Amino acid sequence: MNLQQLKLLELLADARIVSGEQLGITLGISRNAVWKHLQQLRKLGLEIESVSGRGYQLQTPLELLDKALILDALDQQSIKLPGELILQTQTGSTNDDLNKLSSAQQHGSVILAEYQSAGRGRRGRSWVSPFGHNIYLSMGWQFEHGVSQLAGLSLLAGLCIIRALHTFALNDVGLKWPNDVLRRKGSAYAKLGGCLIEINGDVTGPCQATIGLGLNLKLPDQVEIDQSWTDLSDHSEISRNALVAEIISQLLKVLPVFSTQGLGPFVEEWNQYHAYAGETVSLSGPQLEITGTAIGINPQGAILLQNKGEIETIHSGEISLRKK
């Protein structure tokens, strides 16, 4: 996205109708150039309507990311980000961008993007990332111990999102092992967000974790996703920047604890929000197919499944959990 396109978007952000002539005058370009820029913005997933005889209008208002607002919200909680806060208009993947920073720069830094062209989830799935409505966030954190002790980090990241949503009185949310955030959609749960953890380092330590979070605030009405999904479009009063700040705040509160004590202090709380607790679920993977009753997680981040009177302990990997 070039500077003129960003300015054009700022002029339309409040979802009022603005004529093509006025847009052209403000930007110092022709109406034809305005139309071409609008076409490029639509390719990013922005729903811009042409109102006959009147001009152009965003279907819904747009709250662009604002570094000053996010840092101010953290400052009000007396929280200081250990690293840098980096905002990008568009990128391939915030995780990839954070991994490109030096090890010293990564720790405590956060990268946010308005749009991702190559966002991804667990097991290589693509993550639908339209411009300006959702949250695409990556935070770096260095741990002194080894990779094997970071099991359960995705569970902790999901819990941070739940905590953040609760501060905005959103209580119809839950967690799905190992990395999904869910929300009630009718009588069932649907995917609201997810976590992708990428780790570089030695088995014995130290190692660097990239904590990637995606959260659906507003998805287009017509979107191709291969599972049941939901968003927060019915809570448009929630400030995107305020929610970003709260998620960062929650991460900064728990990561030092996790670094020294592991997942143990958070197991009871995670189980409290376990969406499928007591439900019959199916776990499947390359060499696994098991059905049983979901009990909860243990301090190592494994899910506990009751199957034929026995408690099975299933660790994370290329495993999919579905409710039967």
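The values are calculated or read from the model by the stated rules, or taken from the named source; none is laboratory data. In this text the structure is predicted, and so the values were computed from the model without any measurement. FYI the Cβ positions are ideal-geometry reconstructions off the backbone, even for glycines, and counts take in every protein chain you see. When the accessible area is computed, the model is the full protein with side chains, heavy atoms only, and any ligands, DNA or RNA have been set aside. Shrake-Rupley method; radii C 1.70, N 1.55, O 1.52, S 1.80 Å.
Filtering segment 44-89 to residues that are polar (S, T, N, Q) and modelled with pLDDT of 90 or more leaves S50, S52, Q57, Q76, Q77, S78, Q88, T89. Within segment 43-57, the residues that satisfy the criterion of being closer than 19 Å to I135 by Cα and either without any contact (Cβ under 8 Å) to a residue 60 or more places away in the chain or open to solvent by less than 30 Å² (accessible area, probe 1.4 Å) (or both) are K43, L44, G45, L46. Highlighted here are the strands (runs of 3 or more DSSP E) found entirely within segment 207-324 that include at least 2 residues which are open to solvent by less than 20 Å² (accessible area, probe 1.4 Å): 207-215, 280-285, 288-297, 303-307, 320-323. Does L85 satisfy the condition of being in contact with a helix residue (DSSP H, G or I) (Cβ under 8 Å, 6 or more places away or on another chain) and not hydroxyl-bearing (S, T, Y)? So L85 fits the description; yes. Looking at T26, is it out of contact with any Asp or Glu (no Cβ under 6 Å at 6 or more places or on another chain), touching a residue at least 60 places away in the same chain (Cβ under 8 Å) and over 14 Å from Y115 (Cβ atoms)? The answer is no for T26. Take the conditions (1) among the acidic types (D, E); (2) modelled with pLDDT of 95 or more; (3) surrounded by fewer than 18 Cβ atoms within 10 Å (Cβ to Cβ); D202 misses just one of them, which is (2). If we keep just the residues of segment 179-191 that are in contact with a Leu (Cβ under 8 Å, 6 or more places away or on another chain), of a type outside the set (V, I, T) and more than 14 Å from S316 (Cβ to Cβ), which is surrounded by the most Cβ atoms within 10 Å (Cβ to Cβ)? This residue is L182. Taken together, the criteria place L304 among residues that are modelled with pLDDT of 90 or more, under 27 Å from the mean Cα position of the chain (by Cα) and within 22 Å of S148 (Cβ to Cβ).
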